[in-house]
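The numbers here are math on the coordinates, done by the rules we state, and not lab data. No experiment lies behind these values; they were computed from the predicted model shown. Methodologically, a virtual Cβ is constructed for each residue, glycine included, from the backbone with ideal geometry; neighbour enumeration extends over all protein chains shown.
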């Protein structure tokens with residue numbers, strides 16, 4: 001009985017109609033899913049690449065800034081040629097206090113004996129076998145992340161109980177005769193890297209289950225803390241700035257991107273930023289869309305099969321013509337119409353129903369195209385958000401967090417630009433180095449909060465007076481640098497004197513006034529490097545300090 005029902009016209013037409021609709025639905029759903037999943041996967045991967053590259057840029061900038069500070073300290077030869085090294089000790093303490101993640105700063109002589117150090121830690125100790133001393137004798141050096149050894153018992157333990165870890169920065173001190181006086185170095189607490197990373201992760205990234213790791217050249221995980229060894233990354237990772245879908249140690253599939261941290265030329269650290277996101281999370285939107293389309297396709301197919309079954313009962317004479325029309329639809333002819341038979345009302349009704357059925361399929365196809373268009377708009381929106389985030393991160397990297405003026409990175413970029421312009425056009429530019437007099441006494445007497453307020457006010461005075469005629473940057477600690485493009489000697493000295501007078505007359509805090517010393521230098525056509533102008537201005541500044549402070553000294 002069942003076989004007879006299957007071989008009836010009604011059953012065959014119903015099965016044919018259902019198969020046709022289901023096939024069309026599957027083709028549309030599959031093609032839409034493929035396009036949507038490909039685009040969403042690329043967008044998610046590019047999003048991860050953007051995060052990894054942004055974090056890499058921030059770490060690179062921080063490494064360069066720390067290295068530059070220790071190099072500049074090594075070139076201040078007057079600090080190391082004094083008998084009691086008291087000024088060096090004072091400078092070391094000031095630099096350490098200017099950056100909270102400096103755990104230790106010290107100077108060891110050519111034999112490896114520490115002569116001056118922050119807070120007196122390790123003073124007199126023999127560090128001749130430490131990597132930072134061995135490598136720092138021949139040039140600037142940045143050491144890979146390592147646990148504290150000599151300082152572990154002298155520093156407070158982290159609250160989470162993890163080991164204290166440092167990144168070493170060192171540079172040789174070479175006197176005027178080219179002889180090695182010793183090595184100056186600092187140990188930067190690894191907490192600075194954690195702060196950079198935590199500031200880069202938004203709440204949106206956390207809700208998307210995005211994880212981030214720092215891996216060294218040997219494949220060891222540096223961040224997060226891997227003291228139990230329970231974190232490992234795949235041995236084969238995507239190339240720099242690319243992403244792939246990889247299986248991790250937990251057996252799950254993750255979209256993974258990498259970006260190399262460009263360490264300074266002095267040392268090749270080989271650090272990589274690895275960012276991952278579960279594929280299931282990244283593709284959740286398109287999977288939900290896929291399920292919805294499948295459900296709608298099945299329901300529509302079942303509905304049309306029921307309708308076809310009812311209409312097939314009234315089927316009669318022009319079966320061949322209807323079959324031929326259906327075949328043309330199956331071949332993709334969207335312009336075909338079912339011809340009505342005026343002699344048979346049943347066939348006419350069937351023809352109209354099939355015609356409506358085809359229009360319904362076309363409407364569903366249009367709906368799918370609109371859904372694809374909506375998805376493309378979402379991808380474009382996310383891309384725009386990523387670009388805005390990158391611009392925001394770029395601005396943060398170039399701005400001093402305390403005073404809101406340019407930082408050292410931005411200053412060096414501007415110096416390089418104007419140095420190149422000066423070499424091409426012959427136009428001069430001036431550098432003014434500014435240093436608050438007796439700033440340590442302010443911190444000691446009033447506290448670092450008032451000291452920070454003084455720095456902010458001092459920066460505001462400089463920025464307001466310089467205005468659009470140049471830029472103001474925080475050089476480090478209580479030192480600021482003013483760059484004046486297209487300026488001659490007379491105007492540079494005049495501007496320095498104006499700045500000095502305003503600082504002297506400005507109330508920095510409640511009832512608190514300060515003075516500042518100024519060093520001025522001009523670009524010379526004989527300069528082989530932009531830092532030569534900076535060094536002359538720095539030398540003039542220290543001459544102003546040594547000859548009474550609160551004055552302007554010009555370096556020729």
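Things to note:
- Residue order, fewest to most beta carbons within 10 Å, for 155, 59: 155, 59
- Going from the residue with the fewest nearby Cβ atoms within 10 Å to the one with the most, 132, 192 rank 192, 132.
- If you take the Cα centroid of segment 515-556 and the Cα centroid of segment 73-101, the two points sit 19 Å apart.
- For segment 408-555, the share of alpha carbon pairs falling in successive 10 Å distance bins from zero is 12, 44, 32, 10, 2 percent.
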